[in-house]
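Take a look at the structure set out below.
The values are calculated or read from the model by the stated rules, or taken from the named source; none is laboratory data. None of the values given here were measured: they were computed from a predicted structure. Backbone-built Cβ (ideal geometry, glycine too); neighbour counts: all protein chains shown. For the accessible areas, the whole protein counts, side chains as well, though only heavy atoms, and no ligand, DNA or RNA atoms are used. Shrake-Rupley method; radii C 1.70, N 1.55, O 1.52, S 1.80 Å.
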Amino acid sequence: MSSLTVLATQVSDIAREAGHVIMAIYQQDFAIFDKADKSPLTEADLAAHNVIVAGLKSISDLPILSEESADIVWSERSQWQRYWLVDPLDGTKEFIKKNGEFTVNIALIELGQPVLGVVYAPVLDSLYVGIVGEQAYKVENGQQSTITTAPHVSAERWKVVGSRSHQSPEIESFLAALDGDKELVAMGSSLKLCLVAEGRAHLYPRLGPTSEWDTAAAHAVVLAAGGSVTQLSVGQTPAQATQPLVYNQKESLLNPFFLVSAQALNP
């Protein structure tokens, strides 16, 4: 059993524990605050953050970058070669709407790339794990099953993950460039990437703002399942998006636009 496999089990336990704390708050009335950028924050975000940080500190001495403690100066963060990247509650808007499509995201980053990712959806009790270079799997209803991407084949309808709301002109243009019929698959939070990882969608183009903690854990799941996550510019086709999405390589923690694909990058 590899060291990453052992870590995956430990991190899965931590993610589930955070999920239990989130659910205790989810089933009650809860307070909602506005962060500095006006995005919503709930007491569940903070409670999950505390559980995850304590859990990770108990299994390693690596630095931890969490959405709820992201004010680490670049001069310090730029020295990190290996660290934990955490979103304690991804999909706060989904949490507030109580539609169940929110997740706990925990990733291990090495030299700018995710090597281990755990995504847990507490309401669905679905756990996704990606150990890059080894395996990707899903645990649901107590059953563990291997997951793999399902690349698009000729004449097949494209299944594209997107927003539940109106699509931007940039996304409309991206879809128009795909040959054949398209079907939009709607989902919230990092579960959008997981849909590609488990073969339920071919592509997830993101031409809107995200932060590094939003994507890292599910990025690892996609890579481990045989897919890719690459930088995407407006007007590019899937074949033109060949630059991998990377982490902690710049002062800003915002991601560039990106494309999640069931197709692996050509070596």
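Under the 0.36 nm per residue contour assumption, what length would be gained going from the current alpha-carbon distance of Gln10 and Ser145 to full extension?
Between Gln10 and Ser145, full extension yields an extra 46.8 nm.
If you find the alpha carbon centre of the stretch 198-265 and of the stretch 54-127, how far apart are they in angstrom?
17
Where a ≥ b ≥ c are the square roots of the eigenvalues of the C-alpha gyration tensor, would you call the stretch 186-267 rounded, which needs a/c under 1.5, or, failing that, prolate if a/b is larger than b/c, or oblate?
In terms of gyration-tensor shape, rounded.
Please say if the stretch 34-153 is rounded, prolate or oblate, where rounded means a/c under 1.5 for a ≥ b ≥ c the square roots of the C-alpha gyration tensor eigenvalues, and otherwise the choice is prolate for a/b larger than b/c and oblate otherwise?
Oblate shape, in that a/c is at least 1.5 and b/c is the bigger or equal ratio.
So what is the calculated 222 nm ellipticity per residue for the chain, using -39500 (n - 2.57) for each DSSP H run with n of 4 or more, over all residues, to the nearest 500 deg cm²/dmol?
-9000 deg cm²/dmol
What is the stretch 60-154's relative contact order, in percent, from Cα pairs under 8 angstrom and six or more apart in sequence?
Relative contact order comes out at 16 percent.
Going through the cross-link list Lys98/Lys192; Lys97/Lys138; Lys97/Lys159; Lys57/Lys97; Lys138/Lys159; Lys98/Lys182, which pairs have a Cα-Cα distance over 23 Å in this structure?
Lys97/Lys138; Lys97/Lys159; Lys57/Lys97; Lys98/Lys182
Within the stretch 73-201, what whole-number % of the accessible surface is contributed by carbon and sulfur, with the 1.4 Å probe and all protein chains included in the calculation?
46
Suppose each label sits 7 Å from its Cα in the direction of the beta carbon; what would the Glu172-Val153 distance come out to in nanometres?
3.4
Would you mind finding the longest exposed-site-free stretch of the chain, with exposed trypsin sites (Lys or Arg not before Pro) meaning DSSP loop and at most 13 other Cβ atoms within 10 Å?
Longest site-free region, per DSSP loop and neighbour criteria: 165-249.
In whole percent, what relative contact order does the stretch 47-95 give with Cα contacts below 8 Å and a gap of six or more residues?
Worked out over the stretch 47-95, it gives 45 percent.
Between the helical axis of 43-59 and the dominant principal axis of the chain, each derived from Cα atoms, what acute angle in degrees is found, rounded to the nearest 10?
80
Any chance you could look up the accessible area of Leu223 with a 1.4 Å probe, heavy atoms only, rounded to 10 Å²?
50
Taking 0.36 nm per intervening residue step and subtracting the Cα-Cα distance, what contour gain separates His20 from Val234 on full extension?
Extra length from His20 to Val234 when fully extended: 73.1 nm.
Given the whole protein assembly as supplied and a 1.4 Å probe, what does the accessible area of Glu251 come to in Å², nearest 10?
In the full protein context, Glu251 sits at about 130 Å².
Counting only C-alpha contacts under 8 Å and six or more residues apart, can you give the relative contact order of the chain as a whole percent?
18
Taking the square root of 5 times each eigenvalue of the Cα gyration tensor, what semi-axes in Å does the equivalent ellipsoid of the chain have, largest first?
27, 21, 19
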